[in-house]
Amino acid sequence: MNNVTIIGLGSMGATLAGLLLKKGYQVTVWNRSIAKAEPLIKDGAIFATSVATAISASEVSIICVSDYEASTHILNTQEVKQALSGRVLIQLSTGSPQQARDHELWAQENQVNYLDGAIAASPLQMGNSEATIFTSGSLKAYQQSEHILKCLAGNVPYLGEQVSAASSTDLAFLSYLFGSYLGFFHAARILESDGLRVDDFGALIAQVSQVVGEVIKYESQVIQTETYDNPQSSINMCMTTVELFMVQAQEANINNEFPVFAQQLFKRVLEAGFGNEELGALIKVLR
Ligand code: NAP
């Protein structure tokens, strides 16, 4: 079971193939543009001239291309479906939860053992213990390919047989990250407007990230258990902070788009009568 096929040799797919070659796997590769395979062939990869031949070479195939449309274009041919029948296919292209469901249905119709995955790391981070690949779908496919996935990332949680879970979790993670980015860019303007260093602040955030994680964990439990009474941080109290963002932006004459967005959301929660509830109650207006 030390054979693996990689379809798609963009910056991520080529990284995956390179890591598996280093771990001693026999790696068969296919890419639309052959030139991208050349460095890997020098390192011992076998180049297959067709997708079906590439898939026939291994029990487990990983596809990592731009998106699910490209994946469908590559896989949905009679020869490829025949080659994949009875084998494991791991989808590591990024997609939506519905695309994962559609791919699983297609796989089931073609007797393919399907695992959906979402990579939450850059090519440079792959292979590290902190790199994460979320997976969901066929448990049998996960068990058969765990040894391969663990060479690609130290953290490979299997989120269950609900095939959309990997994609939803990846998007949830990215939503959290992008929300933090937006807050951070406004933070940088606050600091710049007072002549302070942005990089010192970045180092501080890295130091306190564990504490920030605990706060998010607390709010997640509040939402999951729907217990908004006896608040640690009430909506009223948080609104005072949001109003301070507005005051500071006006005083320093800096862009206020981020505080305005937050203020509008908090106003709606207050108008709905949730001022004395825990911060997590903000989800009620989003619902
Ligand atoms: P990339 O460098 O842009 O490579 C795209 C790959 O898709 C190439 O192999 C390309 O083939 C292939 N492709 C696109 N359309 C195709 C089609 N119609 N038919 C055949 N092949 C097609 O992208 P990447 O960075 O490797 O990303 C691959 C996946 O990993 C994406 O879904 C991305 O979201 C995910 N991901 C990437 C990162 C990252 O930082 N790079 C991080 C997490 C997740 P050609 O070489 O022939 O053009």
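Just so you know, all these numbers are worked out from the coordinates, no wet-lab data involved. Keep in mind it's a predicted model, so treat the numbers as computed, not measured. As a convention, Cβ positions derive from the backbone with ideal geometry for all residues, glycine included, and neighbour counts pool all protein chains shown.
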(request) Would you mind classifying the range 152-287 by shape? Square roots of the alpha carbon gyration tensor eigenvalues, ordered a ≥ b ≥ c; an a/c under 1.5 is rounded, otherwise it is prolate if a/b is larger than b/c and oblate if not. (result) oblate
(message) Between Ala35 and Lys22, what is 0.36 nm times their sequence separation minus the Cα-Cα distance? Round to one decimal in nm.
(response) 2.6 nm
(message) Among 213-219, 97-103, 128-134, how do they line up by average Cβ neighbours within 10 Å per residue, starting with the highest?
(response) 97-103, 128-134, 213-219
(message) Once you place label points 7 Å from the Cα toward the Cβ at Asp102 and Leu265, how far apart are they in nm?
(response) 2.9
(message) Nearest 500 deg cm²/dmol is fine: what mean residue ellipticity at 222 nm does the chain get from its DSSP H runs of n ≥ 4 alone, each adding -39,500 (n - 2.57), divided by its residue count?
(response) -17500 deg cm²/dmol
(request) Apply the Karplus parameterisation 6.51 cos²θ - 1.76 cosθ + 1.60, with θ equal to phi minus 60°, to every residue of the range 42-51 and state each ³J(HN,Hα) to the nearest whole Hz, in sequence, with x for glycine and proline. (result) 4, 8, x, 6, 9, 8, 9, 7, 9, 5
(request) Pick out the long, greasy-scoring helices in the chain: whole DSSP H runs spanning 24 Å or more along their own axis by Cα, mean Kyte-Doolittle at least -1.0. (result) 165-193, 198-225, 235-252
(message) Applying a 10 Å radius around every beta-carbon, put 198-206, 166-174, 104-112 in order of their mean neighbour count, most first.
(response) 166-174, 104-112, 198-206
(message) Less than 11 Å Cβ to Cβ from Gly127, Lys/Arg counted +1 and Asp/Glu -1: what total charge do the surrounding residues give?
(response) +2
